[in-house]
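To start, the structure itself, in structure tokens.
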Amino acid sequence: MAIEPLSASDLLKKSHTRVTPQREAILSFLMGTDTHPSADAIYQHLSDRFPNMSVATVYNNLRTLTGLGIIQELPYGDNSSRFDYIETAHYHAICQVCGKIFDVYYPGLNEIDTITENATDFKVTAHRIEVYGICPDCQKKSAVGR
């Protein structure tokens, strides 16, 4: 018998946080997308459904969900952040041309914390691995221009 994944509402309840319509909608959107949207993109996506919701509400809810460990903030050097639902541990491949972010699952990298702790005596609290390159779509566009 397959285990049903938790809904946004169930995840929030399990995290002992208040379930508001906006918070649930933000989390549901992140759970259903693999585009790693910015806060502004999330706001744009939900603004028709919640016309009285402000961008500040989106940011506050993203901060809460990040603090609970339900989502991950992916900050970048240009002062922008993208957000990602954390269903399973994964890493990111980022296109240097279009900025698209792809999830990469590689279980062997889960050992990096232990290896680092053993090699350095660090107490690892978190890690983040990103791989940069050019996505297939941008490679195709580049080949067309030749």
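None of the figures in this text is laboratory data; all of them are computed from the coordinates on show. As the structure is a computational prediction, the values presented were derived from the model and not from experiment. Virtual Cβ from ideal backbone geometry, glycine too; neighbours counted across all protein chains shown.
Binning all Cα-Cα separations of region 30-93 at 10 Å, short to long from zero, yields these whole-percent fractions: 20, 55, 23, 2.
Using the Cα centre as the reference, give the magnitude of the dipole from point charges on the C-beta atoms of the chain (Lys, Arg: +1; Asp, Glu: -1; all else neutral), rounded to the nearest 20 debye.
Details: 13 positive and 17 negative charges, 82 e Å.
About 400 debye.
Highest mean first, the peptides 116-125, 62-71 sorted by other C-beta atoms within 10 Å per residue fall in the order 62-71, 116-125. At each listed q (0.16, 0.18, 0.19, 0.24 Å⁻¹), what is the log10 of I(q)/I(0) that the Debye formula gives for region 66-146 modelled as equal alpha-carbon point scatterers? Cα-only, vacuum Debye calculation for region 66-146: -0.77, -0.91, -0.97, -1.22. Treating each Cα of region 7-125 as an identical point scatterer and summing with the Debye formula, the log10 of I(q)/I(0) at q = 0.15 Å⁻¹ comes to -0.76. Using a simple spin-label model with pseudo-atoms 7 Å out from Cα toward Cβ, ILE86 and ASP40 lie 2.7 nm apart.
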